[in-house]
Amino acid sequence: MWERASLRAAMHIRGLWEEKGNSDTRLLDALILPDVFTLVGRSRAWSPPGRREHVIPRVVVVNECHRMLERGEADDVIAAFIRKHVRIVLISTEECERLDSRDQLGLRQTMPAGWSFGDDVFARLMTAGIEWDPIVPEASRDALVLQAG
């Protein structure tokens, strides 16, 4: 199922890129890539409502998918890239502010300076001092129910 969902995202990214020259970061969100596949952890400071934080901002991943398309990569290669790089950790609103705010880290749509694909996908959280624990896929559903609570 994860392979099929990521391939669907890759195909939609390709289709929009071929038609418009770009695509939409929402193609990497829960409608196309269900949280049961992407939700991997919960911050130790998290409490509802908190935030679903893509550990690598969606725009960073989509822009790399576009570069892959420019290089002629196949959809299955892009899908594997998506599976490796689209991860979500539940974080607190305070942690979100620390990550996003320009007067703090300003990492809303970027990765830390010097980071590149192949480096630690969790580098942004580490830079922000966000400590988190992994959650197993079955627990992902429970965590989302609590978040929606």
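The values are calculated or read from the model by the stated rules, or taken from the named source; none is laboratory data. None of these values were measured; they are calculated from a predicted model. Cβ placement follows ideal geometry from the backbone for every residue including glycine, while neighbour counts extend to all protein chains displayed.
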Query raised in the report: Taking the range 27-74, which residues are crowded, with 21+ Cβ neighbours inside 10 Å and of a type in the set (D, E)?
Result: E53
Query raised in the report: When residues of the range 47-81 are filtered for being free of Cβ contacts under 8 Å to residues at least 12 places away in the same chain and among the aromatic types (F, W, Y), how many remain?
Result: 0
Report task. Specify which of the listed residues (S140, S92) is modelled with pLDDT of 95 or more, buried (at least 19 other Cβ atoms within 10 Å of the Cβ) and not acidic (D, E). Result -> S92
